[in-house]
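Shown next, in structure tokens, is the structure this report addresses.
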Amino acid sequence: MNKKSLRTLEYNRIIEILAGHAHTELGKKKALSLLPGTGLFDIQLWQQNTEDALKRILREGSVSFSARQEMREIAARLKKGSSLTAHELLVTALLLENVLRVKSYGTTDEENEDSLSGYFASLVPLSPLCKEIRRCILSDDEIADDASSELRSIRKKQKTVNDRIHSQLVKMVNDTYRSYLQDAVITQRDGRYCIPVRAEYRSSVPGMIHDQSSSASTFFIEPAAIVSLNNDLRQLEIEEEREIEAILAGLSDTCREHADELLADLEIISELDFIFAKGSYALSINASRPVYNEKGVIRLRKARHPLLKMDTAVPINVELGDAYNLLVITGPNTGGKTVSLKTVGILSLMGQAGLHIPAGDTSELTVFDEIFADIGDEQSIEQSLSTFSSHMKNIVEILKKADRRSLCLFDELGAGTDPVEGAALAISILDRLHSENIRTMATTHYSELKIYALNTPGVENAGCEFDVESLKPTYRLLTGIPGKSNAFAISSKLGLPDEIIDRAKEQISANDSSFEDVIARLEKDRVTMEENRREIERYRHDIEVLKKTYEERREKLGETKERILNEAKEEARQILKDAKDIADSVIRDINRNGGGNIRELEEGRTLLREAMNSNTPTPVKKPRSAKANKASDFTIGEDVRIISMDLTGHVHTKPDSKGNLSVQCGIMNINTNISDLELIKPEDRPEKKKSSRKSSVSSAGISKAKSISSELNLIGMKVDEAIPKLDKYLDDAYLAHLSNVRIVHGKGTGALRSAVAQHLKRVSYVAGFRAGEFGEGDAGVTIVEFK
């Protein structure tokens, strides 16, 4: 790929941003040296690596890479047989620690294996070596006492000698030589302990003079009494240095055995850092993997230039190489023509470098051996080249090198010279490229090129949209319609007198004027069609929403119907079972008593009749005409009867402006109107029987208390499923005289928790509720207190 095009299309800025996403110096170097490939197999592999890195980032989060470039020199020294310093061994340990962390991050189950799994599997953490280095070396300048038993022994002796020296020196400073000293301190010179003696008393303190102050008023004397001890200390220091060298040499020998693994780990870490930098960059620009074809076709959907801000860049749709191989883009200045050229060029380069592109998921690219770009003003004073000459020099080079596997991009082709000659040259150049089936895009202001595109098969016009009313470009690229320069309209809006504009219009030929009028009419028709299309899309979306809502409601009704039928069948089965049990009991008593007396038989028959009557469905009452109700009469929790259905329940929601509200009847939530409701007065409510063989409230309460759990689990349910179940559970729990219950709804998105809270506010017998505390389930649980 020629360097001039890379520079012109600002590819270097892309890879600089990419390098900023790498963690290691080696990873940054790989990013900065990245060049577009020309082999489809390699490009597909690079794209797969980037895609897998992006998926891992989205699934498991980012991972930090650490590998210093000096590790290569360290490995080379090891292979030569050299011993490593403490710093170099710590660098090695840092690499191995990062290898272990990255390998742990990359380990996945079989179903999540991808193109990067091999990289992670090839990493060798060498954990025993890493632990040994960390055990022996505390920092660049400190070796641990436990690095060896010999070192521990030497340092123990050093401490003993040091203590003896300090003990004697402290006695001299504070007692023996106190009056001879400049300061009552202990100091060191050349690694030996000394005391500062005033010059006039230096002969009074026997010992070795090691130094004197700049004013010669103080001599630093090593007292004779500690010379031997200082010698012992110096000898121990020499032994310590030798032992440390031996420790480092031993660690270096161990590293030398694994020099190849260390180099391999270094290369893999730097390569993974580079690949994950590509994934991170793709995430930052909301990029996706392009689909590659071998037909020479470019299809970009909602493509954005990667150097423009995502929130301000206007996406464009571009096709090239299928129905046409030459696209002529026209339109006003600053309308987005050049950006469109650069977008196609830079996205092609990025894709061939293995980078994802900021475009729609279905976008397609093809592999080009060369991408040529003649964009911008490159006039040169030194080479005596004008704008036209510099462009023409580039074009000549492009025509020499371009072939069927090339992409050519021209900005303002033929500009900088006489318009007639420039347009003729531009048409001739484009015709040459078109005849050789070379994919080409060119921007221009020349009407001749618009006509050439209209009349030539395999060549298409495109225009950059411009809003004349606001005098601002929309930056949308419209394929199939040539753009207008809008010079007259813009000038008029900016205040140029009408007579000047009219005179200007007279200067252009009738053909040119007619052509511009046709373009204007096409643009007007296009805008109308675009508005109609958007309205149709809106209608289609609304229809889809309504259809989906209808399907969901129909499905819910089916489920509710099936559930009610199943509950009714179960209730009927239980009724029959209870009646059968009572009948069997009566029959057994009769048989056991041999007929018994009349009174006992009559009691058994009465018991059976009561049981059957209690299970007989209550006949439906005829609806009564409702009085004129007011919305204010119905408050949440108020007992009401639905007249048309003869069902009783309590008000679940307040009436709206039309009187519509919902009534909770057991597990069913029924939408109705206040005109179909009547309030149930306290005296009209049926009195509960105080005693009955099997249906008394007290026995029911005891039965409920035994069977009702103090906890309800709603996890995994939708709001529409959970609320009816919650409502029934609260009724049962309240009847069972439970003081409080625990509602388990989980944390999740919070939708179910909010729905539970809203429902609890509407239940009249709920005294209050709160979120669970630590140990109760936290925010995933709601504790409900009954009145």
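Annotations
- Per-residue 3J(HN,Hα) values for region 411-422, derived from phi via the Karplus relation 6.51 cos²θ - 1.76 cosθ + 1.60 with θ = phi - 60°, read 9, 6, 4, x, 7, x, 9, 3, x, 5, 5, x Hz in sequence order (x marks Gly and Pro).
- Rounded to whole numbers, the Karplus 3J(HN,Hα) couplings from phi for region 250-263 are x, 5, 5, 4, 5, 5, 4, 5, 10, 4, 5, 5, 4, 5 Hz, using 6.51 cos²θ - 1.76 cosθ + 1.60 with θ = phi - 60°, and x at Gly and Pro.
- Each peptide among 250-263, 653-666, 92-105 gets the average number of other Cβ atoms lying within 10 Å of its residues, and from highest to lowest they stand as 92-105, 250-263, 653-666.
- Stretching the chain fully between K79 and E638 yields a gain of 192.3 nm (0.36 nm per residue, less the alpha carbon separation).
- Taking Lys and Arg as +1 and Asp and Glu as -1, the other residues whose beta-carbon sits under 11 Å from that of A93 total 0.
- Take each peptide in 557-569, 451-463, 284-296, count the other Cβ atoms within 10 Å of every residue, and average; sorted highest first, the result is 451-463, 284-296, 557-569.
- Restricting the calculation to alpha carbons of region 274-330 gives Rg and Dmax of 14.0, 40 angstrom.
- Here the Karplus curve 6.51 cos²θ - 1.76 cosθ + 1.60, taken at θ = phi - 60°, turns the phi angles of region 161-176 into couplings of 5, 4, 4, 5, 4, 5, 5, 5, 5, 4, 5, 5, 5, 8, 9, 4 Hz, with x standing for Gly and Pro.
- In nm, spacing of pseudo-spin labels at A224 and A264 (7 Å Cα→C-beta vector): 6.8 nm
- Near L9, once Lys and Arg are set to +1 and Asp and Glu to -1 for all other residues with Cβ below 12 Å from its Cβ, the sum equals +2.
- Cross-link pairs beyond the 18 Å C-alpha cut-off, checked among K55/K278; K658/K725; K725/K761; K681/K725; K80/K131: K658/K725; K681/K725; K80/K131
- Summed side-chain charge close to K747 - residues other than K747 whose Cβ falls under 12 Å, Lys, Arg +1, Asp, Glu -1: 0
- Translational diffusion coefficient (Stokes-Einstein; Kirkwood radius from C-alpha pairs) of region 243-355 at 20 °C, 1.002 mPa s, in µm²/s: 117 µm²/s
- Chain lengthening between K577 and H737 when straightened (0.36 nm per residue, less Cα-Cα): 54.8 nm
- Protection proxy ranking of 144-155, 420-431, by the mean of other Cβ atoms within 10 Å over each peptide's residues and highest first, is 420-431, 144-155.
- Separation of the alpha carbons by more than 23 angstrom is noted, of K302/K342; K747/K787; K4/K400; K561/K728; K3/K302, for K747/K787; K3/K302.
- Signed unit charges on C-beta, dipole axis of region 58-124, positive-most listed residue L123, A75, T85: T85
- Share of Cα-Cα pairs in region 189-249 lying beyond 19 Å, as whole percent: 43 percent
- Amide H within-cut-off set for L647, under 5 Å, with H built and near neighbours excluded: I642
- 5 angstrom amide H check on L712, placed H, neighbours 5+ away: R742, I743, V744
- Remark on T653: its backbone amide H falls under 5 Å from those of S662, a criterion applied only to residues 5 or more positions apart or on other chains, H modelled at 1.01 Å from N.
- For region 126-229: rounded, prolate or oblate by the Cα gyration tensor [a/c cutoff 1.5]: prolate
- Those aspartates and glutamates that a straight Cα-Cα span of less than 14 Å connects to K630, excepting residues fewer than 8 apart in one chain: E638, D656, D676, E678
- Once both labels are positioned 7 Å from their Cα atoms along Cα-to-Cβ, the gap between N671 and Q758 label points is 1.4 nm.
Any read-out appearing in this document is the output of simple, stated calculations on the displayed coordinates, not a laboratory observation. Model, not experiment: these values are computed from the prediction. Positions of Cβ are backbone-derived with ideal geometry, glycine not excepted, and every protein chain shown enters the neighbour counts.
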